[in-house]
Amino acid sequence: MTSAKGASADPLVIRSLEFIGPMASADGWRPPSELPEVAFAGRSNVGKSSLLNRLVRRKAFARVSNTPGRTREINFFKVNDRFVLADLPGYGYAKIAKSRKAEWVPLIEGYLRGSPALRGVVQLLDVRHDPSADDLQMLDFLAELGAPTVVVLTKIDKLRPREILERVHAIASSLQLADEQVIPFSAQTNVGRDELAAAIVDLINREAVER
């Protein structure tokens with residue numbers, strides 16, 4: 001596969017996109033394990049909907065809400081009849097009732113533990129802030145599962161270029177990663193879109209991880 005950097009070809013051309021249903025509880029409906037799955041996780045206000053819209057080049061694919069924490073289900077989309085994109089509920093929004101948070105934990109963990117088709121997880125972090133306790137807990141959980149994880153730093157357009165480099169290095173170091181192991185991303189300017197697309201293609205070409 002050609003590297004996204006400096007390449008003119010789109011690593012992930014979106015030819016078809018189909019919503020195939022929601023998963024509302026840990027023991028509820030989920031897609032049949034016929035296609036590789038890639039999940040997207042992050043805090044409620046990390047910019048996941050905007051990132052997904054940019055990734056699939058659709059303006060209203062994932063609803064962008066001014067009220068973080070609204071989504072209560074895992075939403076599944078079939079992409080190019082080749083893989084399934086799983087949009088996980090955002091976590092860590094302080095104003096969400098504890099009762100609803102208690103519902104999300106088994107839903108998210110149940111999906112991640114019980115999906116034989118899962119190839120990896122795209123974990124989103126806001127470049128402007130240090131990883132939260134919830135972020136670190138999620139990353140630890142993914143490490144425990146052995147799930148390949150792509151770390152994406154969102155909202156880089158909110159910073160000056162010099163600040164971006166400093167924040168990328170600070171966050172990568174805090175996660176014990178090299179700077180090159182995280183993807184700076186802007187849903188506004190398209191920076192990082194093709195790098196993320198190439199990483200997703202790599203994930204769906206992997207063998208499933210035994211959990």
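Structure values in brief
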{"item": "Cα-projected label distance for E180 with L165, points at 7 Å along beta-carbon direction, nm", "result": "1.7"}
{"item": "Between the range 30-50 and the range 121-171, the Cα center-to-center distance that results, in Å", "result": "16"}
{"item": "Accessible area in square angstrom per residue, the range 72-206, 1.4 angstrom probe", "result": "47"}
{"item": "Distance (nanometres) between label positions extended 7 Å along Cα→Cβ at S132 and A9", "result": "4.0"}
{"item": "Under 5 Å, built H, 5+ apart or other chain: amide partners of G21", "result": "F76"}
{"item": "Rg and Dmax [Cα atoms of the range 74-202; Å; Rg one decimal, Dmax integer]", "result": "15.3, 42"}
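The values are calculated or read from the model by the stated rules, or taken from the named source; none is laboratory data. If you're wondering where the values come from, they're calculated on a predicted model, not measured in any experiment. All Cβ positions, even for glycine, are placed from backbone atoms using ideal geometry, and neighbour counts span all protein chains on display. Note: accessible area is taken over every heavy atom of the protein model, side chains too, but ligands, DNA and RNA are not part of it. Shrake-Rupley method; radii C 1.70, N 1.55, O 1.52, S 1.80 Å.
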